[in-house]
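Here's the structure we're looking at; comments come further down.
Throughout, read-outs are computed from the coordinates displayed, never taken from laboratory work. All of these numbers come straight from a predicted model, not from anything done at the bench. Heads up, the Cβs are rebuilt from the backbone with ideal geometry, glycines too, and the neighbour counts pull from every protein chain shown.
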Amino acid sequence: MDYERSFITVLLGVLVALLATACGGGVDGGGGAGGSSSTSAPALSVTNAPPTHLPLAPNATAVAIDFGIIGVPNMPFVSVTVCAPGTAQCQTIDHVMVDTGSWGLRVFASQLPSSLALPQQKDGKGNLLAECMQFFDGYTWGSVRLGDVQIAGEKAASLPIQVIDPGYSATPSDCSSVGASRNTPTALAANGVLGIGVFKDDCGWNCAQQAVPATYYGCVGTSCTSIAVAEELQVANPIPYFATDNNGSILMLPAVGSNGAASLGGQLVFGIGTQSNNGLGRAQVIGVSPSNGTFTTVQNGTTYPDSIMDSGSTGLFFQTSTLPTCASPNNAYYCPASTEQLSAVIEGVNGVTSAVSFDVGDATELSQTYPGEEVMPLLAGPVFVASAVFDWGLPFFYGRNVYVAVEQQSTPGGTGPYVAY
């Protein structure tokens with residue numbers, strides 16, 4: 001959606017260059033941010049390492065970081081089952097990317113059998129709805145459909161999802177002009193996107209009040225017109241629509257050495273403080289803006305007021321003059337002469353601060369030294385992000401339990417939206 005609401009996936013155009021050398025908006029009100037007191041913590045690099053050896057509970061599903069669709073590093077995948085509402089006609093889709101920086105399930109029409117008839121979402125005037133989902137460097141286009149979404153033992157009934165299909169109607173020009181088409185699994189580097197960020201739907205109040213260009217459309221035949229869409233009809237984050245464990249999630253990934261790994265397994269656990277396996281414990285609650293989901297990062301004297309926690313980004317992305325950018329074709333990333341040990345302070349809108357340490361390596365050297373490694377914790381770069389953005393991508397998640405609390409939902413850490421770790 002518009003920049004104010006969706007910070008989804010820096011990765012898509014970024015990793016094309018790296019692979020060449022590796023070979024291998026507007027928002028509804030919502031509740032206040034979690035927590036209330038100002039606290040600080042010592043610098044940390046690994047916290048809350050998840051117990052990956054334990055069997056999966058009914059509210060948890062396995063996460064894999066592996067070769068995936070085209071071998072893009074640092075992409076967390078899960079399997080998602082989509083059913084025709086109220087039926088046993090279902091399809092399980094693997095390698096759906098877990099994205100804490102967006103909201104809503106998006107799957108490809110090519111991944112759904114023709115026998116799986118998902119009804120199309122309509123607005124109050126009978127318009128058949130379609131959506132253009134904007135990424136940093138491109139878009140997905142397709143119809144909005146209703147499906148029962150099942151992940152582990154959780155189910156969201158008749159959830160609006162985007163079915164990505166370049167053959168649906170005619171892609172509006174204001175959509176196709178926003179960047180590259182990501183309308184195939186290869187172009188997206190995944191079989192879909194599971195957006196489980198802090199908001200309930202993917203555009204919110206802004207799209208409900210007015211027609212936002214390159215967002216929602218009403219379609220008749222091959223003609224699609226930009227329209228306003230009520231929030232309850234928009235593509236939705238499935239978590240708040242689960243019957244239980246519906247206030248947030250925890251992405252649990254084990255720590256990994258600086259040399260990376262060929263693959264990694266973890267868990268996505270639903271609910272915060274609802275079961276014995278999802279307690280908040282001593283995690284620090286970082287309140288985020290209820291209007292756009294951001295917080296503040298201060299790094300080396302620079303303040304980044306539009307910071308985000310985004311598992312859908314393949315590196316830590318921020319603009320700084322202290323790190324050299326790699327030579328082309330890897331100029332999406334930084335290439336310091338040796339691994340740089342850096343620190344930053346994360347500041348929540350609730351006054352909580354947290355000191356964090358992280359390392360940045362030479363992306364070109366890493367890709368040449370460890371070809372085929374899909375887990376690369378030292379990736380960082382400047383590409384696509386504005387100067388006010390610090391994108392804490394997947395390398396931040398390694399060795400941590402990262403909590404995401406959904407807006408307006410009650411949790412032991414306060415009412416969402418917030419992130420915690």
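Structure above, values below:
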quantity	calculated
Spin-label model distance (nm) - Gln210 vs Ile70, 7 Å beyond Cα toward Cβ	3.6 nm
Estimated dipole of the chain in Debye, rounded to 20 [Cβ of Lys and Arg +1, of Asp and Glu -1, Cα centre]	440 debye
3J(HN,Hα) from dihedral phi, the range 114-127, Karplus parametrisation 6.51/-1.76/1.60, rounded to Hz, x for glycine, proline	4, 6, 8, 8, 9, x, 7, 5, 10, 8, x, 9, x, 5
Ranked packing of 139-151, 82-94, 65-77, most packed first, by mean Cβ within 10 Å	139-151, 65-77, 82-94
Helix-derived mean residue ellipticity, 222 nm - over the chain, DSSP H n ≥ 4, -39500 (n - 2.57), to 500	-2000 deg cm²/dmol
Calculated from backbone phi, Karplus (6.51, -1.76, 1.60) coupling profile of the range 298-311 in Hz, x at Gly/Pro	10, 9, 6, x, 9, 9, 10, x, 10, 7, 9, 10, 9, 5
Cross-link reach list, lysines versus Lys200, counting only Cα pairs under 20 Å and skipping chain neighbours closer than eight places	Lys122, Lys155
FRET efficiency estimate (nearest 0.05) - Cβ-Cβ, Val345 to Ala386, R0 25 angstrom	0.80
Share antiparallel - DSSP beta bridges, the chain, percent rounded to 5	85 percent
Per-residue HN-Hα couplings for the range 357-373 [Karplus 6.51, -1.76, 1.60; θ = phi - 60°; Hz; x = Gly/Pro]	9, 7, 10, 10, x, 7, 4, 5, 5, 4, 5, 7, 7, 10, x, x, 6
Stretchable slack from Gln319 to Ala170, in nm (0.36 nm times residue separation minus alpha-carbon distance)	49.9 nm
Dmax and Rg, reported as Rg then Dmax, of the range 368-421 (C-alpha, Å)	15.5, 47
Amide proton proximity set for Gln121, modelled H, under 5 Å, gap of 5+	Leu129, Val144, Arg145, Leu146
Volume of the Cα convex hull of the range 184-336, divided per residue and given in Å³	213 Å³
Mean shadow area of the range 262-327 over all directions, Cα convex hull, nm²	7.8 nm²
Binned Cα-Cα distance frequencies in the range 170-258 - 10 Å width, integer %	14, 31, 37, 14, 5, 0
Gyration tensor over alpha-carbon atoms, the chain, equivalent ellipsoid semi-axes in Å	31, 24, 21
Nitroxide proxy distance, nm - points 7 Å out along Cα→Cβ at Thr184 and Ala255	4.2 nm
Convex hull (Cα only) mean projected area of the range 273-421, reported in nm² to one decimal	9.6 nm²
Chain lengthening between Leu56 and Ser357 when straightened (0.36 nm per residue, less Cα-Cα)	105.3 nm
Compactness relative to 2.2 N^0.38 Å, alpha carbon Rg of the range 50-241	0.99
The range 50-241 - share of DSSP beta bridges that are antiparallel (%, nearest 5)	80 percent
